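Down below is the structure, laid out as structure tokens.
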Amino acid sequence: METTSRVGAQGAGTADASAADAAAQDAPGAPADRRAIDGYLQASFPWYGLDEAYTGPRWLMQVGTAADGTVEHGSTGHGEEPTLRSERADPHAAKQRFAVVVTVASRPGRRSADGTGVLEATSVSSAAWLAGSGLLSCTWPAQMERALRQDWLDQQTALAWELADHLDDPAWSTLSLPVDGVPTDFRYRESEYGWVLAGSAMDERGDGGGGAGTGGGVHIGAYGRGMSAYGMGFSVIKDITAYRG
């Protein structure tokens, strides 16, 4: 899944190489253009968030695009916007309550935009990886020396990828949650940093929720801390502009 995780940024990269860094760049306090809504509106698939049972704050995070500018995935936040800056220890950070929903377009294996390679099909593992790396970007160990933090992130990111690639392992359990009111099985795991889950949903309406519809499905990932995943529900975001606050 070759993407550049950005809104209005330039350059190209891979989702598995840059997801955590991109999440940090689009943290609260980042330039407004990085959190612009344009990328969300350009998506050809529906965006998902927590359903109407959740009545707290909602906010935009980022989209990820392919080398040709096609929107491939993105995240929406719920609760308190987490403190992602590693430069300072925030005693309040451990108490923050948030849940982030990651929507990944369902894509088959395909040629890259420049025709020089083949992009892997997206899957539940793609959503699990993006959710896992997103959680890591919010959980810098405050007591760790700054010089060691990148090594920690690299190590934990590699572990997150390995876990996402083996969703049938005992590290994951099954959690059934409603998606547009339909019970859906997710793969779920908890750690000292928070929780991560991933599953799939079909968009029968062919409505992109902000862009031209494809009639296909999406993969849904989520991560959070301080808010229990049990009892959550997901639904298509009818008006993504409402997440601008």
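Sorted by mean Cβ packing within 10 Å, highest first, what order do the peptides 61-72, 125-136 take?
Result, highest mean Cβ count within 10 Å first: 125-136, 61-72.
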Legend entry - Tyr230 versus Glu52: modelled label distance in nm, points set 7 Å from Cα along the beta carbon direction: 2.7 nm
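Between Asp154 and Thr174, what length comes free when the chain is fully extended (0.36 nm per residue of separation minus the Cα-Cα distance, one decimal in nm)?
In short, 4.5 nm is gained.
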Inset, instruction - Using per-residue counts of other Cβ atoms within 10 Å, averaged over each peptide, order 171-177, 155-161 from highest down. - result: 155-161, 171-177
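Expected output is a single nm value to one decimal: the length gained when fully extending between Asp165 and Ala67, i.e. 0.36 nm times separation in residues minus the C-alpha distance. What is it? It would help to have the intermediate numbers written out before the result.
Values: separation 98, 0.36 × 98 = 35.28 nm, distance 2.36 nm.
Separation in residues times 0.36 nm, less the Cα-Cα distance, equals 32.9 nm.
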Legend entry - Local electrostatic count at Leu177 - Lys and Arg +1, Asp and Glu -1, tallied over other residues with Cβ under 12 Å: -2
Legend entry - Highest to lowest packing among 51-57, 99-105, scored as the average C-beta count within 10 Å: 99-105, 51-57
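Bear in mind these aren't lab numbers, they're just calculated from the coordinates by the rules spelled out. What you see is a predicted model; the values in this text were computed from it and never measured. Methodologically, a virtual Cβ is constructed for each residue, glycine included, from the backbone with ideal geometry; neighbour enumeration extends over all protein chains shown.
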